[in-house]
Amino acid sequence: MTVTASPTLTKRVLLAAPRGYCAGVDRAVVAVEKALEHYGAPVYVRKEIVHNKHVVETLRDRGAIFVNETDEVPEGARLVFSAHGVSPAVRAAAAVRKLDTIDATCPLVTKVHKEAVRFADDDYDILLIGHTGHEEVEGTAGEAPDHVQIVNSPDEVDKVVVRDPAKVVWISQTTLSVDETMETVRRLREKFPSLQDPPSDDICYATQNRQVAVKKLAPECDVVIVVGSANSSNSVRLVEVALQSGARSSYRVDRATEMQDEWFEDATTVGVTSGASVPEILVNDVIARLAEQGFADVQEVRTATEDLMFSLPRELRPALKAAGEVDPRPRREKRKELPLA
């Protein structure tokens, strides 16, 4: 009997694009870097500037001091607000301590804050779809605490009570799963037929783009690796999207050293992506680690090209201009609906 050897299957990596840093994250991280360069250490940062361990550790090594609240910052010191935004109460507390603040809030988060203020002024009940305890949700809810209810998931819709079903609007955290958010909205609209939509998408373009890319590659993947930290909402969502879209398994890692060999047993195709607060160096480390295991064929799966950039926070611009520095990320106006900070 003749035995024919089966051909060796090529191990490959499908690399999602877009992935990694979004415009808001880039702006916030560069803001802290420029503040350290221009003013010197220490520069204080409220919470994590973005939700990524590597970024926070790198900035800490350069002289950034991360704090939970403004009362941990010496009076008169310089404080950066993170990309996730803060409530008016936090701004007021910083003013009392005479802190020199730099607002690195993502302009897309600022847009949602403005929506909350506007709808509260019109006396709407505002249903904020998001995760209780997340900094972004705390900041947005703090804009109109008497009008905002947080809805964490579709399963919480039954518990929602409003004053007037004819004056209800939904807004959302910017880093959610698009599909789950739309399911929450569907159930809310069943309960409140007059539910109004926000004037434009609250889930940011980068979150949506990264989810679309994962949906495209996941059906072909035995394993999908998502690079991102555990407290990064958009990174955690990417794992969920990969599994829902057909990947056999999916894992989130902060760095390549966290990958386990058994994840790739019998795998021939591995998908790789990263959350919106992840520097590309961490993705490169994952690719290199996979290459050591035979996954040397890397194919990019691109579903969109991003060119949106935000100028640095206005508090930084005069000082940098006086020092002869030019903002390397000029404002681009291709997305007219976005109110830039």
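Quantify, in whole percent, the carbon and sulfur part of the accessible surface of the chain (1.4 Å probe; protein heavy atoms only).
C and S fraction of accessible area: 49 percent.
Within the stretch 188-226, which residues have the backbone N less than 16 Å from the label spot 7 Å out from residue 166 along Cα→beta-carbon, could you tell me?
Output list for this probe position: 192-196.
Which percent of Cα pairs goes in each bin when the distances of the stretch 158-240 are cut into 10 angstrom slices starting at zero?
Result, from short to long distances: 16, 40, 27, 15, 3 percent.
Show which aspartates and glutamates lie in cross-link reach of residue 159 when reach means a straight Cα distance below 19 angstrom and same-chain residues fewer than eight apart are skipped.
Output for residue 159: 125, 146, 180, 183, 190.
How much length would be gained if the chain were fully extended between residue 146 and residue 196, taking 0.36 nm per residue of separation minus their Cα-Cα distance, in nm to one decimal?
On the way: separation 50, 0.36 × 50 = 18.00 nm, distance 1.85 nm.
So the chain would gain 16.1 nm between residue 146 and residue 196.
Roughly speaking, what is the stretch gain from residue 296 to residue 155, that is 0.36 nm per residue apart minus the C-alpha to C-alpha distance, in nm to one decimal?
46.5 nm
Using 0.36 nm times the number of residues separating residue 96 and residue 121, minus their current alpha carbon distance, what extension gain do you get?
Residue separation times 0.36 nm, minus the Cα-Cα distance, leaves 6.4 nm.
Return P(r) of the stretch 31-113 (all Cα-Cα pairs; 10 Å bins starting at 0; whole %; ordered from short to long distances).
So the P(r) values, bin by bin, are 19, 54, 26, 1.
When 1/r is averaged over all different Cα pairs and the result inverted, which Kirkwood radius in Å belongs to the stretch 197-341?
After inverting the mean inverse Cα-Cα distance, the result is 17.2 Å.
What pairs from 47/111; 98/321; 114/215; 34/98; 47/114 go past 27 Å between their alpha carbons?
Checking Cα-Cα distances, 114/215 exceed 27 Å.
Quick one, which of (i) 62, 46, 36; (ii) 86, 55, 36; (iii) 53, 43, 35 is the actual Cα extents along the principal axes in Å calculated for this model?
(ii)
For the stretch 65-162, what is the convex hull volume of its Cα atoms per residue in Å³? Numbers along the way, then the final one.
Working: hull volume 10.0 nm³, N = 98.
Each residue corresponds to 102 Å³ of Cα convex hull volume.
Among 293, 32, 213, whose Cα sits farthest toward the positive end of the charge dipole of the chain (+1 at Cβ of Lys/Arg, -1 at Cβ of Asp/Glu, about the Cα centre)?
Of the candidates, 32 comes out farthest on the positive side.
Roughly how tilted is helix 233-244, in degrees to the nearest 10 and between 0 and 90, from the longest Cα axis of the chain?
40
Nearest 10 degrees is fine. How inclined is helix 23-39 to the longest principal axis of the chain, computing both from alpha carbons?
60
Please compute the contact order of the stretch 11-144 in relative form: average sequence separation of alpha-carbon pairs under 8 Å and at least six residues apart, divided by the residue count, as a percent.
23
Solvent-accessible area per residue for the chain at a 1.4 Å probe radius, Å²?
Per-residue accessible area for the chain comes out at 45 Å².
Looking at the chain as a GNM with Cα springs under 10 Å, which of 104, 16, 41 has the largest mean-square fluctuation?
Comparing 104, 16, 41 in the GNM, the peak value goes to 41.
Using r as the Cβ-Cβ distance of residue 39 and residue 268, and R0 as 41 Å, what FRET efficiency do you calculate, to the nearest 0.05?
Efficiency, rounded to the nearest 0.05: 0.20.
The values are calculated or read from the model by the stated rules, or taken from the named source; none is laboratory data. Just so it is clear, the model here is predicted, and its values are computed rather than measured. Please note: Cβ atoms are built from the backbone with ideal geometry, for glycine as well, and neighbour counts cover all protein chains shown. When the accessible area is computed, the model is the full protein with side chains, heavy atoms only, and any ligands, DNA or RNA have been set aside. Shrake-Rupley method; radii C 1.70, N 1.55, O 1.52, S 1.80 Å.
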